[in-house]
Amino acid sequence: MGADQARIDFAERVAVHAETLKVTPRSIAIKDMRSRWGSCSSEGRLNFTWRLVCAPPFALDYVAAHEVAHIREMNHSSRFWKQVERCYPDWREARDWLHTRGGALHSIGDP
């Protein structure tokens, strides 16, 4: 598994969450990021690390929901977290998993 599988998995989950929030991402890119799970530019360009395909599916799904929510709210305010919750109600469990076990994912080598 690598960037190609990540592209497929993220495209599927981003589409679901974008429909929930009625937003349209400008683009989706899979990158070799070692310190971030994902990002969203002010233009709606979403970036994700390919390493999330090695995580449980719920973690990838949460990161997709998190970045899609940034299209609506470019911050981490309570309004932002309400958008995340609309997309992924169990976001806290996934976020906690990434905080406690995600470090091992960042150490995985190149795709």
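The values are calculated or read from the model by the stated rules, or taken from the named source; none is laboratory data. Predicted model, so just to flag it, every value in this text is computed and none were measured. So basically every Cβ, Gly included, is an ideal-geometry build from the backbone, and we count neighbours across all protein chains shown.
Tabulated results
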item	result
Single unsatisfied condition, S27 versus (1) exposed (fewer than 12 other Cβ atoms within 10 Å of the Cβ); (2) without any contact (Cβ under 8 Å) to a residue 12 or more places away in the chain	(2)
Pairs, first farther than 12 Å from R36 by Cα in region 91-111, second in a loop (DSSP other than H, G, I, E, B), C-beta under 6 Å, six or more apart	P111/G2
Selection count, region 15-37, where residues are at pLDDT 95 or above and either closer than 15 Å to Y62 by Cβ or out of contact with any Lys or Arg (no Cβ under 8 Å at 6 or more places or on another chain) (or both)	9
Residue tally, condition more than 17 Å from R72 (Cβ to Cβ), of a type in the set (A, V, I, L, M, F, W, C) and buried (at least 18 other Cβ atoms within 10 Å of the Cβ), over region 30-55	7
Filter pass, E73 being touching a helix residue (DSSP H, G or I) at 6+ places or on another chain (Cβ under 6 Å) and without any contact (Cβ under 8 Å) to a residue 24 or more places away in the chain	yes
Residue check, L105 modelled with pLDDT of 95 or more and not polar (S, T, N, Q)	no
